[in-house]
Amino acid sequence: MNKPLWLQQRDVLASYTTRELELPPEARLPQTREACIVYRDNLFFDEGFMQAFMQEALRRPYPSRAALSIHDPAFREHCLPLSTSYTPAGDIYLVDLWYYPHGPEPSAEPLVVDLQAREIGYYHVPTYMASESGDLVYQVPLRSLIAIDSWVHIFIADTVFGLFGRGARFEDRLNRDPFFKLGILAAALYEGKQVLECSKLVRVGRNCSIDPTAVIHGPTTIGDNVTIGAGAVIENCIIGDNVNVSQGCQLMLSVVGDGTFLPFRASLFMTTIMDNSMVAQNTCLQMCVIGRNTFIGAGSTFTDYNLIPSPIRARDAFGQLQPSNRPVLGGCVGHNCRIGAGMIVYPARMIESDVILFASKERRVIDRDIRYEDSDHHRLKDAHLHPRLYPRPDEAGSESW
């Protein structure tokens, strides 16, 4: 959602805490009698989930540990596949999130939180494209929590739980609050705009330049110092600060990080791009995750489904290929990468951080995962000009993504 995960966590917890303590791996919890919230640093949660958890936990005189039910469709369909962070206990799964009313204790009682899932369709598959045709749906929660164990979970957190979730909460409030609905209609009439284009649904930051021919539908959030060119189409997106969206770009259900540059006719569909990256002209990214400080060359295409309807697999937290439980899924490019023009990337392929790939007669199709050792820059005499900035977790100087 265009924030580093640690900042998202702190923003959500700000109303419950007065100070914080970050512990190194394997460290013991501090011995204190103060009330405290303890959580693992790979958890994405929103205000709705934390409010539901804390309201019930504060009623209890004993410690509580967040838990999710296997019968919760949003958890079963989106959180559990590829994950290694949940602890099974019968038909519930324990989450690494605790509330201790009198300081840390050896045990805590599970507190099951309902994610309040809504089934929302996003595509219709023709019969000739798959063995199971029909509507593709997401189980979209009104409250969100997911452990980020794989790049696929970033896609889920940003798109399904983030943008789809924001839309579901918006529709839920429209149905519950007639005054909210009237306020939106009044704003649209006053501004002379279609409802989805009014200022209640499209929030624009300071010092932005938006061409009048651009089409922007909400819910959409646009940061400060953003330039949007002629003919751009933006629907239900989050766009950070200092972003340039050039002429004819198409953005739908995507998160665009601060400082990103999208030259003309770049297309994003259900894609996350992190800070200071660039996606060159005529490139199409579908259901992808792109890291920070990364360049994707012109005319590249990231495909998102298998032509033969076999299950799409992706790597879990241990680096093993496992079923992703996704009928369609794009690819992932790490941080500090440079991808040449005209590349075709197969579904769910992962390009590790710090990789450079040249387009050549030998390689224009990426049909397997690419590791740092496979990077094309290693064979150049100027390889030192592209330093490695993101070693693996088991290597010295690693940085958490």
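The values are calculated or read from the model by the stated rules, or taken from the named source; none is laboratory data. Since the structure is predicted, the reported quantities are computational estimates derived from the model, not experimental observations. With ideal geometry, Cβ positions are generated from the backbone for all residues, glycine too; neighbour counts draw on all protein chains shown. Only protein heavy atoms, including side chains, enter the accessible area calculation; ligands, DNA and RNA are left aside. Shrake-Rupley method; radii C 1.70, N 1.55, O 1.52, S 1.80 Å.
Data table
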read-out: Whole-Hz ³J(HN,Hα) from phi, Karplus 6.51 cos²θ - 1.76 cosθ + 1.60, for the range 67-84, glycine and proline x; value: 8, 10, 8, 5, 7, 6, x, 5, 5, 5, 7, 10, 8, 6, x, 6, 9, 10
read-out: HN-Hα J in Hz across the range 117-128 - Karplus 6.51, -1.76, 1.60, θ = phi - 60°, x for Gly and Pro; value: 6, 10, 7, 10, x, 9, 6, 10, 8, x, 5, 7
read-out: Length-normalised contact order of the range 1-119 in % [C-alpha pairs under 8 Å, at least 6 apart]; value: 35
read-out: Thr301 paired with Arg10, simple spin-label distance in nm, labels 7 Å along Cα-to-beta-carbon; value: 4.3
read-out: Candidates Arg349, Arg28, Arg59, ranked by Gaussian network fluctuation over the chain, Cα under 10 Å, top entry; value: Arg28
read-out: Amide H contacts under 5 Å for Ser246, placed H, 5+ residues apart; value: Gly229, Leu262
read-out: Extension gain (nm, one decimal) between Tyr122 and Ile308, 0.36 nm per residue minus Cα-Cα; value: 64.9 nm
read-out: Contour excess over end-to-end distance, with Cα ends at Lys193 and Thr87 and 0.36 nm allotted per residue; value: 33.2 nm
read-out: Dipole in debye (nearest 20) - the range 49-149, about Cα centre, beta carbon charges: Lys, Arg +1; Asp, Glu -1; value: 280
read-out: Length released on extending from Val365 to Asn225, taking residue separation times 0.36 nm less the Cα-Cα span; value: 46.7 nm
read-out: Surface share of carbon and sulfur [accessible, 1.4 angstrom probe, percent] for the chain; value: 53
read-out: Built amide H within the under 5 Å cut-off of Ser144, gap 5+; value: Asp46, Gly48, Phe49
read-out: Qualifying aspartates and glutamates (Cα of each under 16 Å from Cα of Lys361; at least 8 residues distant if same chain); value: Asp376
read-out: Where the range 84-235 is the region considered: accessible area per residue in Å², 1.4 Å probe; value: 49
read-out: Relative contact order computed over the range 189-264 (Cα-Cα under 8 Å; 6+ residues apart), in percent; value: 23
read-out: Residues in the range 74-105 that a label on Ala27 would reach, taking backbone N under 19 Å of a point 7 Å out along Cα→Cβ; value: 96-100, 103-105
read-out: Accessible solvent surface per residue of the range 328-398, calculated while the other protein chains remain in place, 1.4 angstrom probe, Å²; value: 52
read-out: Nitroxide proxy distance, nm - points 7 Å out along Cα→Cβ at Phe318 and Leu174; value: 4.5
read-out: Derived scalar couplings ³J(HN,Hα) [the range 24-33; Karplus, 6.51 cos²θ - 1.76 cosθ + 1.60; whole Hz; x for Gly, Pro]; value: x, x, 6, 6, 6, 5, x, 8, 9, 9
read-out: Efficiency of FRET between Leu380 and Lys181 - r from beta-carbon atoms, R0 41 angstrom, step 0.05; value: 0.10
read-out: Under-5 Å amide H pairs with Met287, H placed in peptide plane, nonlocal only; value: Phe269, Met270, Thr271
read-out: Spatial separation of Cα centroids for the range 189-207 and the range 235-307, in angstrom; value: 23
